[in-house]
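This report concerns only the one structure given below.
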Amino acid sequence: MGNRKVLVLVLVAVSHIASFAQKATIKGVVTDEKTKETLPGTNVLYKETGVVTDFNGNYTLEVEPGDVELKYQFIGFEPQTKTISIGAGETKTVNVVLTEIAQTLGTVVVTGGKFEQKLEEVTMSMDVIRPSLANDKGATNIQTAVNQSPGVQVVDNEPQIRGGSGFNFGAGSRVMVLVDDIPLLSGNAGRPKWSFLPLENLEQIEILKGAASVLYGSAALSGVINVRTAYPGVEPKSSVNFSTGIYDSPRTDYAKPWSNINHPTFTNMNFFHSRQIGNLDLVWGGNLYADEGFIGPEPCDSCNVGNFERRIRTNLNLRWRNKKVQGLNYGINSNYMINGNAASLILLDVDSGLYTNYPGSQSINQSYNWYLDPFINYVKENAKHSLRSRWFHNDERNNNNQSNSSDQYFFEYQFSKKFTGIDLNLTTGIMSSFTSSQALLYIANADSSGNSSGMNNAAYLQLDKKFGKLSVSTGARFERFVIDGDGESRPVFRAGLNYPVAKYTFLRASWGQGYRFPTIAERYITTQLGPVRIFANPNVRSENSWNAEIGLKQAFKIKDFKGFFDIAVFRQEVTDAIEFNFGNFGSGGGIQDLGFKSINVSQARIQGLETSIAGRGKIGEVEIATLVGYTLMDPQNLDPNAPIDTSGFNNITYNTSSYDTSGILKYRFTYMFKGDIQATYKKFSLGFSYRLLSNMKNLDRVFFDFDVPGLLPTGISQYWENKAGQPEGVLDTRLKYQANDQFSLSFIVDNTLNNEYMIRPLKIEKPRTYQIQMTWSF
C-alpha cells in the first residue's frame with residue numbers, strides 16, 4: 001500500500017513537471033499608429049530577456065504559461081506594456097500599435113554609436129538633415145543640403161566641420177563621408193564626390209561633429225557625414241523630380257562670358273521607385289543632370305570650353321528577407337555614374353576676368369564611378385551580425401596629365417548585442433580595406449610609376465551602458481595603415497556621457513582621439529595647373545588629435561510645434577596637422593617654383609561655441625520646419641614660427657607664408673550662421689535659407705606677393721583688403737504649390753540678392769539663379 005501511494009505521488013509530480021515544462025508562444029506584429037508601417041527593431045521584453053522584431057515587424061516569443069507581462073519599446077515611441085493570460089502549449093497572436101512620443105521630434109539616429117538611439121541621448125553633437133529640405137531647396141547634389149547644417153561648410157568639395165580643416169585641393173578629407181555606414185571617400189585621394197551620392201533615395205543625412213575615429217576610422221578626425229538611404233515600406237512608392245533653371249547676369253555685368261540673350265542654363269531630373277515583392281525589397285533610382293556653367297573659357301583664340309557639368313547616374317538596391325530563417329536578410333546595393341565636367345583652380349582676375357579661367361588652370365574630366373555592396377545581416381533576439389563590403393571604383397580621365405584611377409575593396413564584420421537585464425549595448429567589429437591606385441598624378445612614389453597600393457586594417461569595441469538615467473559610452477580602436485610598404489599602427493580611445501538633468505533637458509560631454517594617415521595623393525601628387533604647381537611630400541607625417549565637448553540639448557513643444565535647442569562648447573587640438581600650404585617650394589625663387597604642398601603644422605587648436613534650433617510642427621494653421629544655428633570658432637596655430645618646410649627656396653614657417661601673422665589657421669572661418677525656415681499654409685509653402693560666413697582672415701601670402709605684373713596679376717590683394725572683416729551672406733528663397741498628394745510645383749531663387757562673393761580666394765561663386773521644379777509622387 002505504501003508503495004502504491006509513492007507511485008501515485010511520483011506520477012502526480014511528473015504530470016505537474018510536464019505541464020510546467022510545456023512552454024507557451026506569443027507572436028504578433030508591431031506597427032506605427034500614424035504611418036501604419038511595421039516597426040522592425042522593436043524590443044519585446046519578457047522578464048530579463050526578450051526579442052527584437054524582424055524586418056517585417058514580426059516577433060515570436062516563448063514564455064511560461066500563466067499571466068505574462070510583455071513590454072514593447074521602440075526609440076521615439078511611447079513604451080507599451082501588455083499582460084496576456086496564456087495556457088501551456090497555447091499560441092496567441094498579440095499585435096501592438098505604438099504611438100510616437102509627443103514631446104520630442106522622435107528622431108532616431110545610428111551614426112552616434114552604430115546602433116539606433118534617440119537624437120537627444122547621443123553623447124556628441126549631431127544634426128539630422130531630412131530629405132524634404134534637399135527637395136524643397138531644389139538641390140542637385142547632397143552638398144547643397146549639407147551646407148545648411150550649422151558649423152558645416154563645403155569648400156572646393158572638402159567638408160569642414162567647426163574649422164577642423166582648411167583648403168586641401170581635394171585630398172585627405174578630415175570628415176568621413178559614408179553611405180549606409182560604409183566609407184565613400186576615394187581610395188587614393190580620400191575625397192568625396194558629392195554628385196555620386198544617391199540624393200533621390202534619401203532617408204536622412206546624419207552629421208556627427210567631433211572625433212569619431214573609434215567607430216569610423218582615420219578620416220573621421222573632425223566628424224562624420226552619413227547618408228542613409230531608405231528601404232521600401234508596405235506600400236510601393238514612386239517619384240519623379242524635374243527642374244530647370246537659368247543663370248542671371250552677375251553684378252559685374254561686363255565680366256560675364258555670355259550675351260544678354262544667351263544665358264547659361266541647367267537641368268536636373270531624379271527618379272525613384274521602391275516596393276516589396278514578396279520577401280524581396282527593391283529600390284531603383286537615378287539622376288540626369290546638365291549644367292552649362294557660369295565660368296567662361298580661358299582667354300585664347302582656340303579656347304572655347306568654359307566650366308560645365310553633365311552626368312548620368314543610376315542605383316539599384318536589392319534585399320531578400322529569408323523565409324525560412326527569421327531575422328536573416330542579404331542583398332546587394334549598387335550605384336553607377338558617368339560624369340563629364342570642366343573646372344578650374346583660379347580665375348583670371350577680379351575685374352573683367354572674374355568669370356574667366358586663368359590660362360592653363362582648367363581641367364576637363366570624364367569620370368566613371370561605381371560601387372557594389374554585398375551584405376548579410378542576421379538578427380536573433382537582441383543580437384545582430386552584419387557582414388558589409390564594398391567594391392568602389394574611380395576612373396578619372398583628364399586632359400592635362402592628371403588622369404587617375406583606383407579600386408577600393410572594403411570589408412567589415414560587426415556584432416552588436418543589447419543586454420536588456422543590465423541595459424548595455426555592445427558594438428564590436430573588424431574591418432579591412434585595400435586600395436590599388438594608378439595615376440599620372442602620383443608619380444612621386446618610390447619607383448616613379450604612379451602605381452601605389454594602400455592597406456587599412458582595424459578592430460574596434462564600443463560599450464554603451466545606462467546607470468539609471470546616466471548614459472555612458474566608451475570605445476577603443478586599433479588601426480594599421482600601410483602605403484607602398486610604409487606602415488604605421490595606433491590605438492585611439494573615446495568616452496562620452498549623457499544625463500537628463502530635467503524631464504526634457506539633456507546634458508552631454510564627450511572626449512575622443514583622432515588619427516589620420518596621409519593619403520596616396522598627399523604624399524605623391526605632382527602636377528601643374530596654369531602657373532600653379534602641386535608639389536609632392538613623401539615624408540608628410542600622420543596627424544593626431546583629441547576633441548572634447550560639453551553640450552546641452554533642450555526639447556520643447558509649443559502647441560503642435562516640437563523641437564530642440566542645443567548649445568555646445570568644443571575644443572580640438574591637433575599635432576602634426578596636415579595643411580595644404582602655398583609657397584615657393586622649388587629650388588629657385590620665381591613663379592615656376594610657386595605652388596601647393598602638403599606640410600605638417602606642429603600644433604594647432606580649434607575651439608569655440610555653437611548654438612542651434614531645430615524643429616517642426618504646426619503653430620495654428622501654419623506648419624513650420626526650421627534649422628538655425630550659429631558657430632563661433634577660434635582656429636589657432638600654437639607654434640606659428642616653427643619651420644614647416646626646408647626643402648625649397650628658403651626655410652618656411654607658418655607666419656612667413658601667411659597673409660595674417662597673428663597665428664590664425666589658414667582658410668578657416670571664425671564664425672558662421674546657417675538658417676533655413678519654411679512655412680506651409682494649406683497648399684502653399686514659403687521658404688528661406690540664409691548662410692553667413694566670416695571672411696577668411698588668413699590665406700597663403702604668395703597670393704598677394706605675386707599679385708604684380710609679370711607674375712600672377714589677379715588683383716586679389718586689393719579685393720581681399722576691401723573685403724577684410726566683411727562677412728559673406730547668401731539668401732535663397734523658394735515658393736511651392738502642393739496641388740495634391742501627387743504633384744507639386746516650386747519656384748526657387750538661389751542667391752536672391754545676387755551677391756558677388758568668394759568663399760576661398762580666386763574662385764567666384766554662383767550668381768543668382770532662377771529655377772522651376774516639378775515633383776510627381778505616386
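The values are calculated or read from the model by the stated rules, or taken from the named source; none is laboratory data. These numbers come from a predicted model, not from an experiment. For neighbour counting, all protein chains shown are included, and Cβ atoms are generated from backbone atoms with ideal geometry for every residue, glycine included. Remember, those area values only see protein heavy atoms, side chains included, never the ligands or the DNA or RNA. Shrake-Rupley method; radii C 1.70, N 1.55, O 1.52, S 1.80 Å.
Here are a few things to note about the model shown:
- All positions within region 731-763 that are surrounded by fewer than 20 Cβ atoms within 10 Å (Cβ to Cβ) and assigned to a strand (DSSP E or B): L731, T733, L735, Y737, Q738, F743, L745, F747, V749, M758
- Here E235 fulfils each of the conditions (1) more than 30 Å from L39 (Cβ to Cβ); (2) open to solvent by 30 Å² or more (accessible area, probe 1.4 Å); (3) modelled with pLDDT under 90 apart from (1).
Here's the yes/no breakdown for (1) under 30 Å from A212 (Cα atoms); (2) surrounded by fewer than 19 Cβ atoms within 10 Å (Cβ to Cβ); (3) over 30 Å from the mean Cα position of the chain (by Cα); (4) at pLDDT 65 or above:
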{"residue": "K82", "(1), (2), (3), (4)": "no, yes, yes, yes"}
{"residue": "A88", "(1), (2), (3), (4)": "no, yes, yes, yes"}
{"residue": "T93", "(1), (2), (3), (4)": "no, yes, yes, yes"}
{"residue": "V96", "(1), (2), (3), (4)": "no, no, yes, yes"}
{"residue": "I101", "(1), (2), (3), (4)": "yes, yes, no, yes"}
{"residue": "T104", "(1), (2), (3), (4)": "yes, no, no, no"}
{"residue": "V110", "(1), (2), (3), (4)": "yes, yes, no, yes"}
{"residue": "Q117", "(1), (2), (3), (4)": "yes, no, no, yes"}
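- Residue match in region 707-730 (condition: under 23 Å from I772 (Cα atoms), open to solvent by 40 Å² or more (accessible area, probe 1.4 Å) and in contact (Cβ under 8 Å) with a residue 60 or more places away in the chain): no
- Test: residue in region 271-284 that is open to solvent by 60 Å² or more (accessible area, probe 1.4 Å), within 28 Å of the chain's Cα centre (by Cα) and of a type in the set (D, E): no
- Residue tally, condition under 28 Å from T526 (Cβ atoms) and not in a strand (DSSP E or B), over region 377-399: 1
- Any hit, region 639-661, residues being out of contact with any helix residue (DSSP H, G or I) (no Cβ under 8 Å at 6 or more places or on another chain), at pLDDT 90 or above and open to solvent by 40 Å² or more (accessible area, probe 1.4 Å): no
- Here Y671 meets each of (1) open to solvent by less than 50 Å² (accessible area, probe 1.4 Å); (2) at pLDDT 90 or above with one exception, condition (1).
- M672 being outside any loop (DSSP other than H, G, I, E, B), in contact (Cβ under 8 Å) with a residue 60 or more places away in the chain and out of contact with any Pro (no Cβ under 9 Å at 6 or more places or on another chain): no
- Pairs, first at negative phi and outside any strand (DSSP E or B) in region 589-609, second of a type in the set (A, V, I, L, M, F, W, C) and at pLDDT below 75, C-beta under 8 Å, six or more apart: G589/F649; D593/F585; D593/F649
- Residues of region 150-177 classified as polar (S, T, N, Q) and surrounded by 23 or more Cβ atoms within 10 Å (Cβ to Cβ), total: 4
- Tally, over region 482-539, of residues that are under 17 Å from G450 (Cα atoms), modelled with pLDDT under 90, open to solvent by less than 30 Å² (accessible area, probe 1.4 Å) and assigned to a strand (DSSP E or B): 3
- The residues of region 242-261 that are touching a strand residue (DSSP E or B) at 6+ places or on another chain (Cβ under 8 Å), open to solvent by 30 Å² or more (accessible area, probe 1.4 Å) and of a type in the set (S, T, N, Q) amount to a single one, T244.
- Index of the failed condition, N382 passing every other in (1) without any contact (Cβ under 8 Å) to a residue 40 or more places away in the chain; (2) among the polar types (S, T, N, Q); (3) touching a Gly at 6+ places or on another chain (Cβ under 9 Å): (1)
- Residues in region 404-434 that are among the hydroxyl-bearing types (S, T, Y), within 27 Å of W194 (Cα to Cα) and either touching a residue at least 60 places away in the same chain (Cβ under 8 Å) or open to solvent by less than 30 Å² (accessible area, probe 1.4 Å) (or both): S405, S406, S433.
- Residues (part of a strand (DSSP E or B) and charged (D, E, K, R)) located in region 400-431: D407, E412, K417, K418
- Residue in region 348-359 that is open to solvent by 20 Å² or more (accessible area, probe 1.4 Å), of a type in the set (F, W, Y) and over 30 Å from P299 (Cα atoms) present: no
- Yes/no for D301 being touching a helix residue (DSSP H, G or I) at 6+ places or on another chain (Cβ under 8 Å) and outside any strand (DSSP E or B): no
- In the condition set (1) surrounded by fewer than 17 Cβ atoms within 10 Å (Cβ to Cβ); (2) at pLDDT 85 or above; (3) farther than 23 Å from N425 by Cβ, I17 is compliant with all but (2).
- Among the residues of region 321-346, those identified as open to solvent by 10 Å² or more (accessible area, probe 1.4 Å) and among the aliphatic types (A, V, I, L, M) are V325, L328, I332, I338, A343, L345.
- Any hit, region 544-557, residues being on the phi > 0 side of the Ramachandran plot and open to solvent by less than 30 Å² (accessible area, probe 1.4 Å): no
- Count of residues meeting criterion [under 30 Å from the mean Cα position of the chain (by Cα) and without any contact (Cβ under 8 Å) to a residue 60 or more places away in the chain] in region 305-325: 8
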